[in-house]
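Structure record follows, encoded as structure tokens.
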Amino acid sequence: MSEVLLSVENMVKQFPIKQTMFDVIARKPKRYVRAVDDVSFQVQKGETVGLVGESGCGKSTLAKTICRLHSPDGGKVVFDGMDMFGLRSDELRRVRYKMQMVFQDPYSSLNPRMTVRQMLTEILSVHKLCPKEERTARELEVLDMVGMGENALDRYPSQFSGGQRQRINIARALIMKPDMLIADEPVSALDVSIQAQIINLLIDLKNELDLTMLFISHDLRVVKYISDRVVVMYLGRIVEMGETEELYESPCHPYTDILLKAAPEVDPDSDGGEYVIHGETPSPIDIPGGCRFHPRCPYADEKCKTVEPPLVELWPGRCVACHHRLGGQGPA
């Protein structure tokens, strides 16, 4: 049996909405954005799990809460046997280097006033990862891993293209020699011609360094290409998860099914685009009762409007939260 490296259990993260003076006077109850609501999943050591869903479904918030960049409101995260939410700040600092994050925007995630050398040296110095005399060699080693040369060391972020900046972001994460990489939409801000290069780089690095990866994206084609398993989120909750090939070939949740059918096709003669998700994603402030997807689901009935479906394991590794598990083109 594979070893579990990351276990997320009943994760909850809410953001309070600022009240106006009139709300306070009227004694209106506080309202919250329910960004992540009772999410549970596991990542096995050495695998890549794709986390997919529409913008605003809670993917990035989930990732940042796992890393403790956001304080959780409930649940538990166990990473390499350690309770991430139970660690003191000094303990968290010693553990955090094992789990590194690559952020979405390669432009804003690099300090424009620091050279690449200064950024990498700061990491090695603060975390005391290697002797001073070995730092340059380590910096050149990680730059070489991401396809950047020695001439990049003393240059500033403004002197690089978007793809090069993302390579530097990846190098900055790898210099810590992490066990796990969390990539939060790492190619969405890049030109299409550059996206494939970065994806292939991540795959090569995963295989070469035996990394475990949580890959977050709204692009189903990218997720299929890079992931071993896929977790589908909708409005703060997981609606389906399973092995990549199995989930793409036979989706069980109507949301997953429509996402796959609506994905753009490379073939210009394809009839892609026929399937669309009707309506807008409901506000995470006022989440619909029952199944969260029912206002947009073509198969919704009265039960879907009143009873929220639990995430049920259909068979080992395959879970779905739906009252009408799909089979073929409609509910089973």
- Added length on full extension, which subtracts the Cα-Cα distance from 0.36 nm per residue, GLN197 to GLU3: 66.8 nm
- Task: Report the full-extension gain for the segment LYS45 to HIS127: residue separation times 0.36 nm, less the Cα-Cα distance, to one decimal in nm.
- Result: 27.1 nm
- Query: Between rounded, prolate and oblate, where does segment 27-167 land on the alpha carbon gyration tensor, with a ≥ b ≥ c its root eigenvalues, rounded for a/c under 1.5, else prolate if a/b exceeds b/c?
  - Reply: prolate
- What dipole magnitude, in Debye to the nearest 20, does segment 112-177 give about its Cα centre under +1 on Lys/Arg Cβ and -1 on Asp/Glu Cβ? 260
- Item | Residues of type aspartates and glutamates that LYS76 reaches as a straight line, Cα spacing below 16 Å, ignoring anything fewer than 8 places off in the same chain | GLU9, ASP37, ASP38
- Note down the magnitude of the dipole of the chain about its Cα centre, charges +1 on Lys and Arg C-beta and -1 on Asp and Glu C-beta and zero elsewhere, to the nearest 20 debye. 1680
- Query: Relative contact order, percent, of the chain when contacts are C-alpha pairs under 8 Å separated by at least 6 residues?
  - Reply: 19
- Quick one: Cα centre-to-centre distance for segment 1-56 and segment 142-181, in angstrom? 30
- Query: For the residue pair GLN118 and ARG88, what label-to-label distance in nm results when each label sits 7 Å from Cα along the Cα-to-beta-carbon direction?
  - Reply: 3.4
- Task: Could you check the simple spin-label distance between ALA263 and GLU245, using points 7 Å along Cα→Cβ, in nm with one decimal?
- Result: 1.5
- Message: Could you work out [θ]222 nm for the chain from helices alone, using -39500 (n - 2.57) per DSSP H run of at least four and dividing by all its residues? Round to the nearest 500 deg cm²/dmol.
- Response: -8500 deg cm²/dmol
- Specify which labelled value, from (1) 23.1, 85; (2) 20.5, 64; (3) 21.4, 69, agrees with Rg and Dmax of the Cα atoms in Å derived from the coordinates of the model shown. (3)
- Charge dipole magnitude, Cβ of K and R +1, D and E -1 - segment 53-140, Cα centre, debye nearest 20: 220
- Note on the structure: In the chain, taking the dipole from +1 charges on Lys and Arg beta carbons and -1 charges on Asp and Glu beta carbons about the Cα centre, the listed residue (LEU220, PRO29, SER7) farthest towards the positive end is PRO29
- Query: So, in nm, how far is label GLU280 from label THR136 when the simple model puts each one 7 Å beyond its Cα toward the Cβ?
  - Reply: 5.6
- Tell me, in nm to one decimal, what length is gained between GLU208 and LEU69 on full extension, where the rule is 0.36 nm per residue of separation less the Cα-Cα distance? 47.2 nm
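Read-outs throughout are calculated quantities, based only on the coordinates presented, and are distinct from any laboratory measurement. None of these values were measured; they are calculated from a predicted model. FYI the Cβ positions are ideal-geometry reconstructions off the backbone, even for glycines, and counts take in every protein chain you see.
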